[in-house]
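The numbers here are math on the coordinates, done by the rules we state, and not lab data. In this text the structure is predicted, and so the values were computed from the model without any measurement. Positions of Cβ are backbone-derived with ideal geometry, glycine not excepted, and every protein chain shown enters the neighbour counts.
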């Protein structure tokens, strides 16, 4: 499965917060550290707050914090929540889509089972297990690139 960038960024935020649980972080700081567009990350953080994963506070001493202990937040819970807006295939849409294979398709049940197995496996790991403490202040993470073998 491929996760949407929105979900990837949400997981990064939670992992980063879990790495320094006693220190509130800012959206701007995380955006800079992970080379994520600030405006996009703001939407991610707002969604995480709306779904009870983080709390936000403006002003001096404010920032983003985990809303509950990192040990109680699973990757599966987060992915299920953030990926809910994205349909794996057209027939997963609420309106059923316009797939010509319906109602004789035998693929959809297999995809449903695979998605559930994927999320069940992710539910075995907490955000605490993936905590990322960050780099030394003033250093940004290097952009990741894939190398061909």
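When the P(r) of the stretch 83-125 is calculated, the portion above 13 Å amounts to 60% of the C-alpha pairs. Judged by the mean number of other Cβ atoms found within 10 Å, the most tightly packed of the peptides 35-47, 113-125, 12-24 leads the ranking 12-24, 35-47, 113-125. Extension gain, residue 121 to residue 85: 0.36 nm times the residue separation minus the Cα-Cα distance gives 10.9 nm. For the stretch 6-108, relative contact order (Cα pairs under 8 Å, six or more residues apart, normalised by length) works out to 26 percent. Annotation: extensible slack from residue 94 through residue 3 equals 30.8 nm (criterion: 0.36 nm per residue apart, minus Cα-Cα distance). Extension gain for the segment residue 38 to residue 57, taken as residue separation times 0.36 nm less the Cα-Cα distance, is 5.1 nm to one decimal.
A convex hull fitted around the alpha carbon atoms of the chain yields 155 Å³ per residue.
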